[in-house]
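Inspection log for the structure reproduced underneath, given as structure tokens.
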Amino acid sequence: DAGVIQSPRHEVTEMGQEVTLRCKPISGHDYLFWYRQTMMRGLELLIYFNNNVPIDDSGMPEDRFSAKMPNASFSTLKIQPSEPRDSAVYFCASSFLVNEQYFGPGTRLTVT
Amino acid sequence: EDQVTQSPEALRLQEGESSSLNCSYTVSGLRGLFWYRQDPGKGPEFLFTLYSAGEEKEKERLKATLTKKESFLHITAPKPEDSATYLCAVQAPQGGSEKLVFGKGTKLTVNP
């Protein structure tokens with residue numbers, strides 16, 4: 001299995017632009033998570049899905065952030081418009097059980 | 001308020017010098033406590049799950065223990081390849097959410 005696949009690996013964009021991050025979870029996993037990691041705040045859960053249904057989006061910072069999971073093999077995290085404070089590493093993770101999560105390699109986002 | 005606090009923030013050891021990392025938590029209804037390892041530029045990798053006070057888990061040079069208020073990750077005779085950031089997370093379901101809440105991690109450096 002290739003593991004969790006994220007794209008792009010690096011994204012540099014200007015403030016105000018739309019950013020879309022993509023994730024392909026491990027086949028057969030029922031849960032999908034989106035996290036953001038910064039030095040200041042550590043690893044924070046943004047949203048998670050169970051069987052393609054959003055369960056907890058309390059970590060989504062504001063309306064500029066949205067996430068979708070149209071099917072079991074694909075999810076997107078969109079930021080529109082992007083701001084410099086959104087600069088971080090964004091991880092997608094998937095799991096069969098909530099606790100044993102398998103993380104992707106992350107997308108490093110830089111907003112200038 | 002912080003639910004998970006890890007200490008120290010950083011730890012430097014000589015190869016073979018055993019030590020422990022601490023994870024204290026302030027949640028009620030703990031369902032589980034989890035340890036992950038994160039190498040630079042990569043996503044976290046699952047290590048252990050602990051469910052109840054007194055439980056212990058071992059993997060190579062690592063042993064995780066759990067009490068009612070904290071968990072320790074003991075590293076015996078570490079090697080340079082054990083250098084990584086170790087993350088602790090707790091699961092205490094609230095309002096239908098089973099999310100994990102992560103600490104900020106302890107960065108371990110093992111010098112040869």
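Every number here is computed from the coordinates shown, using simple stated rules; none is lab data. No experiment lies behind these values; they were computed from the predicted model shown. All Cβ positions, glycine included, derive from the backbone under ideal geometry; neighbour counts span all protein chains shown.
Tabulated results
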{"item": "q = 0.13, 0.14, 0.17 Å⁻¹, region A:50-94: log10 I(q)/I(0) [Debye, one scatterer per Cα]", "result": "-0.32, -0.37, -0.54"}
{"item": "Residues of type aspartates and glutamates that residue B:63 reaches as a straight line, Cα spacing below 18 Å, ignoring anything fewer than 8 places off in the same chain", "result": "A:100, B:15, B:17, B:45, B:55, B:81, B:82"}
{"item": "Which listed pairs, of A:68/B:99; A:24/B:104; A:24/A:78; A:78/B:42, have C-alpha distances above 24 Å, in listed order", "result": "A:24/B:104"}
{"item": "Shape metrics for the protein assembly as shown, restricted to C-alpha atoms - Rg then Dmax, Å", "result": "17.6, 51"}
{"item": "Sequence of B:68, B:63 once ranked by neighbouring C-beta atoms within 10 Å, starting from the fewest", "result": "B:68, B:63"}
{"item": "Region B:1-47 - Rg (one decimal) and Dmax (whole number), Cα, Å", "result": "13.3, 38"}
{"item": "Average beta carbon contacts from partner chains per residue of B:42-48, 10 Å cutoff", "result": "6"}
{"item": "Average projected area [Cα convex hull, region A:22-65], square nanometres", "result": "3.7"}
{"item": "For region B:36-72 versus region A:38-112, the gap between their alpha-carbon centres in whole angstrom", "result": "24"}
{"item": "Computed over chain A: relative contact order in percent, which uses C-alpha pairs under 8 Å that are six or more apart", "result": "37"}
{"item": "Within-12-Å neighbourhood charge of residue B:47 [Cβ basis; K, R +1; D, E -1]", "result": "0"}
{"item": "Value in Å of the Kirkwood radius, where chain B supplies the Cα pairs that are averaged", "result": "14.1"}
{"item": "Separation of the residue A:30 and residue B:55 label points, Cα + 7 Å toward Cβ, nm", "result": "1.9"}
{"item": "Mean shadow area of region B:60-110 over all directions, Cα convex hull, nm²", "result": "4.4"}
{"item": "Cα-based radius of gyration of region B:30-74 once divided by 2.2 N^0.38 Å, which approximates compact folds", "result": "1.19"}
{"item": "Coarse-grained scattering of chain A at q = 0.13, 0.17 Å⁻¹, given as base-10 log I(q)/I(0) from a Debye sum over alpha-carbon atoms", "result": "-0.43, -0.74"}
{"item": "Sites residue A:20 and residue B:31, calculated FRET efficiency, Cβ-Cβ separation with R0 35 Å, nearest 0.05", "result": "0.55"}
